[in-house]
Amino acid sequence: MNELILKILNESVLKEKPPVLIDIGASEKIHPKWEKIAKYSICLAFDADERDFKFIEKEQSRFKKLYVYNSIASDRDINKTDFYLTKSPYCSSVLQPDLLRLKPYVHSNLFEIEKKVELNSIHIQKALDNANLKYIDWFKTDSQGIDLRLFNSLDEKIRRKVIVAEFEPGIIDAYVDEDKLHSVLRELSSREFWLADLIIKGVPRFPNEFLVSEFKGKLFRKLIKESLKKSPGWGEMTFFNTFNNSEFDKREYLLGWLFATIQNHHPFAFVLAETGLRKFNLELFAELKRYSKKKIKSEVFSLKFLPSLLDLIKKKL
């Protein structure tokens, strides 16, 4: 796999136009899915809550080039915006936390507002223009409530050629007037994207005030939170472009195959390799196709089909 990554990223079309990765809400560390491609890629990162923005100093050498905005990524052309700093930096947002609707959930205290501040803000399209970036290949956002607005604020010619788009929208009401999971699904599905992965995350529906008043000891309360059944609260969504766009060229098909393979979507990678081979008659696509076919076969030998087979046997008995 590493050899194929090198072959793809050393193609002249990708040396001339390296992968561009957008990371909104870039706290913690480098996105794990980008580990193998970071040093060949340009990354544009945003995060306004500097209380937990560590990876820029530690990881900047990991990218071919890294642009950092310690400001709010906005869907509006404004220089300043209100920002709610919450007890947990991961819950801070331009949207006001909906504490009343959060009250039934055990993590409601994390959304408590420590202070409201005014921070620098930049329209995401303006940030791209400032960095002289004319395209995006992988769009990732965890903006705490405005993921869809940010994606929709991109120029249409850029948006329709995004290969992978990742969102983390809410299911429950965590913020006032937030973009919800159902809205993201409806919007992206209508724009030639298909949902490749959906991981539902959540917390117990148990008021934090009861947890604190009825159970003693921080460690024990933490164990309770981790032990109780969780109610769906938000989702990690990954969309792939359908590649029905006739504007896609050899570069996009190579990156599409690479991004799909990194995420173990080998059937889609196979389709892109087969289509790329027919469209561009490049031997590399034949090699990529063989790799995808091999990975599809290996899935069978991993015996992942056993649960389905057992269910089928039970139904016949």
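The values are calculated or read from the model by the stated rules, or taken from the named source; none is laboratory data. As the structure is a computational prediction, the values presented were derived from the model and not from experiment. No Cβ is skipped: glycine too gets one built from the backbone with ideal geometry, and neighbour counts run over all protein chains shown. Remember, those area values only see protein heavy atoms, side chains included, never the ligands or the DNA or RNA. Shrake-Rupley method; radii C 1.70, N 1.55, O 1.52, S 1.80 Å.
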Practice item. Name the residue, out of 172, 24, 296, whose mean-square fluctuation peaks in a Gaussian network model built on the chain with Cα pairs under 10 Å. Key: 296
Revision key, fill the gap. Rounded to one decimal in Å, the inverse mean reciprocal Cα-Cα distance for segment 231-316, i.e. its Kirkwood radius, is 14.9
Point to revise | Within the chain: Cβ-based charge dipole about Cα centre, in debye rounded to nearest 20 (Lys, Arg +1; Asp, Glu -1) | key: 1280
Point to revise | Relative pair counts by distance (%), Cα atoms of the chain, 20 Å bins | key: 28, 53, 18, 0
Review point. On full extension of the chain, what length is gained from residue 310 through residue 100, given 0.36 nm per residue of separation minus the C-alpha to C-alpha distance?
Key: 71.0 nm
Point to revise | Quotient of C-alpha Rg and 2.2 N^0.38 Å, computed over segment 152-306 | key: 1.41
Point to revise | Spin-label pair residue 135/residue 177, simplified geometry with 7 Å Cα→Cβ offset, distance in nm | key: 3.6
Point to revise | Alpha carbon convex hull of segment 151-234, projected area averaged over orientations, nm² | key: 7.4
Practice item. For segment 104-217, compute Rh as the Kirkwood radius over C-alpha pairs and then the Stokes-Einstein diffusion coefficient at 4 °C and 1.567 mPa s; write the answer in µm²/s, rounded to an integer. Key: 77
Exercise for review: Starting from the amide H of residue 96, placed 1.01 Å from N in the peptide plane, find each other amide H under 5 Å away whose residue is 5 or more places distant or on another chain.
Suggested key: 176
Revision key, fill the gap. Counting only DSSP beta bridges with both partners in the chain, the antiparallel fraction in percent, to the nearest 5, comes to 55
Check your understanding: Taking only C-alpha pairs under 8 Å that are 6+ residues apart, what is the relative contact order of the chain in percent?
Key -> 14
Check your understanding: Comparing 251, 290, 186, which has the greatest mean-square fluctuation in the GNM of the chain with Cα pairs linked when under 10 Å apart?
Key -> 186
Point to revise | segment 191-282: Rg to Rh, with Rh as the Kirkwood radius over Cα pairs | key: 1.32
**Study point:** Percent accessible area from carbon and sulfur atoms, the chain, protein chains only, probe 1.4 Å
**Key:** 52
Practice item. List the residues whose amide H sits under 5 Å from the amide H of residue 231, counting only those 5 or more places along or on another chain, with H placed 1.01 Å from N in the peptide plane. Key: 203, 205
Check your understanding: Over segment 158-286, what is the relative contact order in whole percent, taking alpha-carbon pairs under 8 Å and six or more residues apart?
Key -> 31
Study note, to complete from the structure: Under the Karplus relation with 6.51, -1.76 and 1.60 and θ = phi - 60°, whole-Hz ³J(HN,Hα) for segment 105-117, x at Gly and Pro, equal 9, 5, 9, 4, 5, 5, 8, 4, 7, 7, 6, 9, 10
Practice item. Tell me which residues come under 5 Å, amide H to amide H, from residue 69 once H is placed; ignore anything under 5 positions away on its chain. Key: 45, 46, 47
Exercise for review: Step through the residues of segment 216-225 one at a time and calculate ³J(HN,Hα) from phi using the Karplus curve (6.51 cos²θ - 1.76 cosθ + 1.60, θ = phi - 60°), rounding each to whole Hz and writing x for Gly and Pro.
Suggested key: 9, x, 4, 5, 5, 5, 5, 5, 4, 4
Exercise for review: Return the aspartates and glutamates within reach of residue 116: Cα separation strictly under 13 angstrom, same-chain partners fewer than 8 residues apart disregarded; answer none if there are no such residues.
Suggested key: 49, 82
